[in-house]
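Peer 1: Let me give you the structure first, and then I'll get to my questions.
The values are calculated or read from the model by the stated rules, or taken from the named source; none is laboratory data. Since this is a predicted model, take the numbers as computed values, not measurements. Glycine also receives a Cβ, built like all others from the backbone with ideal geometry; neighbour counts cover every protein chain displayed. In case anyone asks, the SASA skips ligands and DNA or RNA and just uses the protein heavy atoms, side chains included. Shrake-Rupley method; radii C 1.70, N 1.55, O 1.52, S 1.80 Å.
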Amino acid sequence: MKGLIQRVSEANVAVSNQQVGAIRRGLLLLLGVERGDADAQARELCRKILTYRVFPDDQGRMNRSLLDTGGELLVVPQFTLAADTASGTRPGFSSAAAPDLAETLYRTFITTAQAELGSERVAEGRFGTDMKVQLINDGPVTFMLEVKG
């Protein structure tokens, strides 16, 4: 399972010109589910993201996590993160999880995050739809986190 996190001042996601999720200061997460992933990977990646220290402390060092800051989390499912880009000029998706499994693990991730942060601090995109994501990247600070199945 892969997660691309971006520290943001604000972010939102829309489907068919309707906003479905928005946050203020926090993390935007693009979440990719791969073959071989299971509940354990969803929970572990969630733990890692919520505790990953990407926010500045009083000395300006990245030393505080989302849990430490009280920030918000916007989770957007993105199967293209599971793409195989090793060769050629067209991505392959054989390493991506089947849609049913991917959606189940996406939901596991969301419920785990809500249990830790509170549902009012977790916003989400919509699985399997065309979404428009807007963000103001703070830093910019962007990291790829991965948990192997």
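Peer 1: From the list (i) -0.87, -1.42; (ii) -0.75, -1.17; (iii) -0.84, -1.26, can you say which value of log10 I(q)/I(0) by the Debye sum over Cα atoms at q = 0.16, 0.20 Å⁻¹ was derived from the structure given?
Peer 2: (iii)
Peer 1: Which whole-Hz ³J(HN,Hα) couplings does segment 33-45 yield from phi under the Karplus relation 6.51 cos²θ - 1.76 cosθ + 1.60, θ = phi - 60°, glycine and proline marked x?
Peer 2: 10, 10, 4, x, 6, 8, 3, 4, 5, 4, 5, 5, 5
Peer 1: Would you mind checking the tilt of helix 99-117 against the longest principal axis of the Cα atoms of the chain, expressed as 0 to 90 degrees and rounded to 10?
Peer 2: 10
Peer 1: What lysines sit close enough to LYS148 to cross-link, taking a C-alpha to C-alpha distance under 19 Å and skipping anything fewer than 8 places away on the same chain?
Peer 2: The qualifying lysines are LYS2, LYS48.
Peer 1: Before I look further, what does segment 1-115 give for accessible area per residue, probe 1.4 Å, in whole square angstrom? Before the final figure, lay out each step's value.
Peer 2: Values: 5760 Å² over 115 residues.
I get 50 Å² per residue for segment 1-115.
Peer 1: Shifting gears a bit: Mind ordering 133-140, 85-92, 70-77, 43-50 by average Cβ neighbours within 10 Å, highest first?
Peer 2: Values: 133-140: 14.1, 85-92: 8.6, 70-77: 22.1, 43-50: 19.6.
Put in order of decreasing packing, that is 70-77, 43-50, 133-140, 85-92.
Peer 1: Hey, what's the Kirkwood Rh for segment 64-149 if you take every pair of different alpha carbons, in angstrom? Write down the numbers at each step before the final one.
Peer 2: Values: mean 1/r = 0.0662 Å⁻¹.
Here the Kirkwood hydrodynamic radius works out to 15.1 Å.
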